[in-house]
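Some notes on the structure that comes next.
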There are 2 protein chains.
Amino acid sequence: MTGSHSVLDNNSLDNMLKIKMPAVGIDLGGTKIMIAAVNSEGIVGETIKVPTPKSPPNILNKFVELINQIKKEHLIAGIGIATPGIVDTELGIPIGATGNLPGWTDTKIKQIIESQTLLPVYVENDANAAAYAEAHTRNLKDKKCVIVLTIGTGIGGGILIDGKVFHGANHGAGHCGHIRISTDNKRLCTCGLFDCYEAYASGTGLLATAKEILANVNPSQSPLAKDLALLSNEAVFAAFTNKDLIAEKIINTWHKHLAIGMASLANALNPDCFVLGGGLCNFINYELLNEMLIDLTLPKINENLKVYKSELGYHAGMIGAAQLILDKLATVN
Amino acid sequence: MTGSHSVLDNNSLDNMLKIKMPAVGIDLGGTKIMIAAVNSEGIVGETIKVPTPKSPPNILNKFVELINQIKKEHLIAGIGIATPGIVDTELGIPIGATGNLPGWTDTKIKQIIESQTLLPVYVENDANAAAYAEAHTRNLKDKKCVIVLTIGTGIGGGILIDGKVFHGANHGAGHCGHIRISTDNKRLCTCGLFDCYEAYASGTGLLATAKEILANVNPSQSPLAKDLALLSNEAVFAAFTNKDLIAEKIINTWHKHLAIGMASLANALNPDCFVLGGGLCNFINYELLNEMLIDLTLPKINENLKVYKSELGYHAGMIGAAQLILDKLATVN
């Protein structure tokens with residue numbers, strides 16, 4: 001019976017190691033790569049940031065180089081990679097829409113990195129990985145439906161159902177920035193379509209709204225109207241803080257646009273909550289947004305609907321990618 | 001071994017009976033009740049239609065009376081009830097939004113009908129029940145995501161994920177008619193909010209679109225413009241068939257509105273397909289709608305996206321309710 005006892009002990013040790021053993025989390029962006037060791041509780045040690053190399057082979061080589069660097073400091077269970085674009089998560093290949101990473105579509109990321117590191121690799125779309133991390137951090141993984149929106153230059157989205165990333169029929173679910181909020185072909189979105197949510201409620205959309213409103217404003221009413229070519233969201237936020245009434249109108253309209261897209265998602269999916277991340281989530285008036293959202297959603301659906309601000313900021317994608325591979329390994333074993 | 005063999009035979013017989021044994025399906029509407037025996041393959045025998053009684057107790061009594069009538073002809077496994085409003089399916093109680101059935105909210109349908117019939121009862125929202133039936137009939141239950149829209153006076157919706165009705169956090173998911181497709185507070189919806197998908201793409205929305213377009217049209221251009229107070233969708237469809245150019249513009253705009261809401265849902269959820277039911281699904285040009293939808297959805301998401309016309313028509317809710325209780329019983333046993 002001693003042998004069997006010792007096996008149990010080894011299993012317990014294995015499990016303890018697995019809980020604490022980190023994975024490498026990588027977030028690939030158009031301009032930079034972020035990488036760190038991440039365990040179930042968050043980042044362990046240092047986060048490394050390097051510029052994104054120009055070609056897919058160079059990106060993959062940089063991944064391997066950085067992974068090896070992390071492996072010198074940590075015993076690593078696996079590698080999670082967050083990348084722009086629609087990802088076939090079974091194959092670990094981005095299959096579409098990676099505009100600012102030329103040639104990256106169809107790169108066999110999982111296969112190549114696994115063969116070069118001999119570690120298990122999981123690849124996920126960056127917004128989905130971020131959504132997973134935000135839900136994980138807030139103990140929202142037992143919720144029926146969590147929608148995470150990343151409000152930056154564009155709007156990224158990730159939908160979690162029963163704690164799992166919802167991928168839809170063809171790996172493309174979660175493109176919440178591309179629900180339509182107008183019938184009028186008024187604003188062109190970066191995706192080539194008109195009137196996407198992103199064209200109104202993202203940073204780009206906010207600037208467009210500001211220019212539309214300021215086009216009819218005399219500089220004596222608001223200094224923001226002086227030179228529209230130089231206008232920035234930062235200037236609008238600063239003017240708003242200084243109680244500029246036109247800036248207030250712009251910010252209110254932006255909140256209304258934010259609420260409209262969220263209300264559409266809420267009425268269709270009846271989520272438990274939204275989590276808002278991305279650079280612009282720091283400029284949102286959550287009380288105002290909540291009020292507008294509740295006004296635009298149906299009774300019952302708005303009853304316990306919560307809106308949270310991201311806790312992980314720019315690290316969400318990297319942390320989520322690592323936690324996805326860790327949770328995948330925990331399920332397999 | 002004979003005993004054990006006979007147990008096996010009884011089990012097989014049980015299973016055979018279960019496959020063929022029908023449930024009672026009931027569809028409660030604001031004006032009429034539909035009821036029939038339904039098995040896994042569809043309606044068995046006659047469908048009974050009676051006017052909806054005025055008060056909740058009378059509705060429940062009518063249910064019991066009709067169930068007893070069906071029980072005379074069929075051996076019944078259970079009862080499925082489709083009702084307007086958000087339904088707590090665990091408790092079998094409509095918990096909200098049953099405007100045209102005064103007092104119906106909070107009626108303990110499941111408990112009362114179970115105690116009076118001694119049969120298991122399952123209650124589901126009518127659009128969800130219809131969605132379940134449409135997916136069942138078309139063998140779409142193994143699909144990741146099926147969205148069923150009922151285009152009638154309003155727009156009902158049901159979302160199936162992995163073959164199951166998706167209820168969201170609070171039983172309210174699937175209110176696809178209330179995603180917003182404008183920012184302008186242009187059209188008031190019956191729900192009290194502005195610019196819902198339903199206010200544009202439903203029968204009510206189509207008529208509003210027709211009146212908007214015809215307000216600027218001289219009767220010499222289209223006879224439809226003669227008396228807007230008397231205008232009906234039927235007249236618009238008839239004029240369209242007669243190649244009235246204004247009617248064509250109205251119908252095209254309606255298709256555009258239909259496509260916009262579907263595109264929003266598609267970009268967020270990446271469904272395998274849409275199934276369109278309701279009275280107006282017979283007037284849709286599916287080729288045109290498909291083209292518009294593909295134009296408005298992102299690459300990959302639109303790759304294999306299908307749009308089907310309902311096969312069950314007005315019977316979908318009743319059939320779905322019955323099949324839900326049958327499938328529930330099959331899972332339990």
In which sequence would A:His74, B:His175 go, from the one with the fewest C-beta neighbours within 10 Å to the one with the most? A:His74, B:His175
Taking the Cα centre of the protein assembly as shown as origin and charging only Cβ (+1 Lys, Arg; -1 Asp, Glu), how large is the dipole, in debye to the nearest 20? 320
Residue-wise HN-Hα coupling along region B:229-241, computed from phi with Karplus coefficients 6.51, -1.76, 1.60 (Hz; x: Gly, Pro): 5, 9, 4, 10, 4, 4, 4, 5, 5, 5, 5, 4, 4
Less than 15 Å Cβ to Cβ from B:Leu118, Lys/Arg counted +1 and Asp/Glu -1: what total charge do the surrounding residues give? +1
Measure out, as a whole number of angstrom, how far apart the alpha-carbon centroids of region A:161-176 and region A:282-333 sit. 14
Please name whichever of B:Leu140, B:Tyr308, B:Ser220 sits farthest to the positive end of the charge dipole of the protein assembly as shown, dipole taken about the Cα centre and charges placed at Cβ: Lys and Arg +1, Asp and Glu -1. B:Ser220
Note: B:294-303 gets an average of partner chain Cβ contacts (10 Å, Cβ to Cβ) equal to 6
Proximal charge balance of B:Asn304 [Cβ under 12 Å; K/R count +1, D/E count -1]: +2
For peptide B:260-266, the mean count of other chain Cβ atoms within 10 Å per residue Cβ is 6
On average, how many beta carbons from a partner chain sit within 10 Å of the beta carbon of a residue in B:219-228? 0
Quick one: label points 7 angstrom along Cα→Cβ at A:Glu303, distances to the other copies in nm, smallest first? 4.0
In the neighbourhood of B:Arg187 defined by beta carbon distances under 14 Å, the net charge of the other residues (Lys, Arg +1; Asp, Glu -1) is -2
Per 10 angstrom bin, beginning at 0 and ending with the bin that holds the maximum distance, the Cα pairs of region B:188-270 fall in percents of 18, 46, 26, 9, 1
Hey, got a sec? Which trypsin sites (Lys or Arg not before Pro) in region A:61-96 land in a DSSP loop and have at most 11 other Cβ atoms within 10 Å? A:Lys72
Compute a Gaussian network model of chain B, connecting alpha carbons closer than 10 Å, and tell me which residue from B:Ala169, B:Ala268, B:Ala247 fluctuates the most. B:Ala169
Once the label point is placed 7 Å from Cα along Cβ, list for B:Ser115 the distances to the corresponding points in the other copies, in nm, shortest first. 6.9
Within region A:37-160, pairs of Lys residues whose Cα atoms are less than 30 angstrom apart, provided they are eight or more positions apart or on distinct chains, add up to 24
Can you list, bin by bin at 10 Å, the percent of alpha carbon pairs in chain A, starting at 0? 6, 24, 30, 22, 12, 4, 1, 0, 0
Quick check of the Kirkwood formula: for region A:142-309, what is the inverse mean of 1/r over all pairs of different Cα atoms, in Å? 16.5
List B:Ser40, B:Ser220, A:Ser202 from most exposed to least, where exposure is judged by having the fewest other Cβ atoms within 10 Å. B:Ser220, B:Ser40, A:Ser202
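How large is the charge dipole for region A:142-309, taken about the Cα centre, if only the Cβ atoms of Lys, Arg (+1) and Asp, Glu (-1) carry charge, to the nearest 20 debye?
I would put it at about 140 debye.
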Using a label position 7 Å from Cα in the Cα→Cβ direction, what is the ascending list of nm distances from B:Leu228 to the same site in the other copies? 3.3
GNM top mover of A:Val148, A:Val44, A:Val121 - chain A, alpha-carbon springs below 10 Å: A:Val44
Can you give me the long-range amide H partners of A:Gly277? Hydrogens built in the peptide plane at 1.01 Å from N, cutoff under 5 Å, separation of 5 or more residues or another chain. A:Leu149, A:Thr150, A:Ile151, A:Ser310
For chain B, modelled as a GNM with alpha-carbon contacts under 10 angstrom, which of B:Gly157, B:Gly172, B:Gly277 fluctuates the most? B:Gly172
Arrange the following residues from fewest to most other Cβ atoms within 10 Å of their Cβ: A:Phe240, A:Phe166, B:Phe194. B:Phe194, A:Phe240, A:Phe166
Angle between chain A longest axis and helix A:316-332 axis [Cα atoms, degrees, rounded to 10]: 40
Chain B: relative contact order as a whole-number percent, Cα under 8 Å and 6+ apart: 20
Measuring from the longest principal axis of the C-alpha atoms of chain B, the long axis of helix B:126-137 (C-alpha) lies at a number of degrees, nearest 10, equal to 80
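Throughout, read-outs are computed from the coordinates displayed, never taken from laboratory work. Nothing here was measured: the structure is a model prediction, and the numbers come from that model. Because the Cβ atoms are built from the backbone with ideal geometry, glycine has one as well, and the counts that use them run over all protein chains shown.
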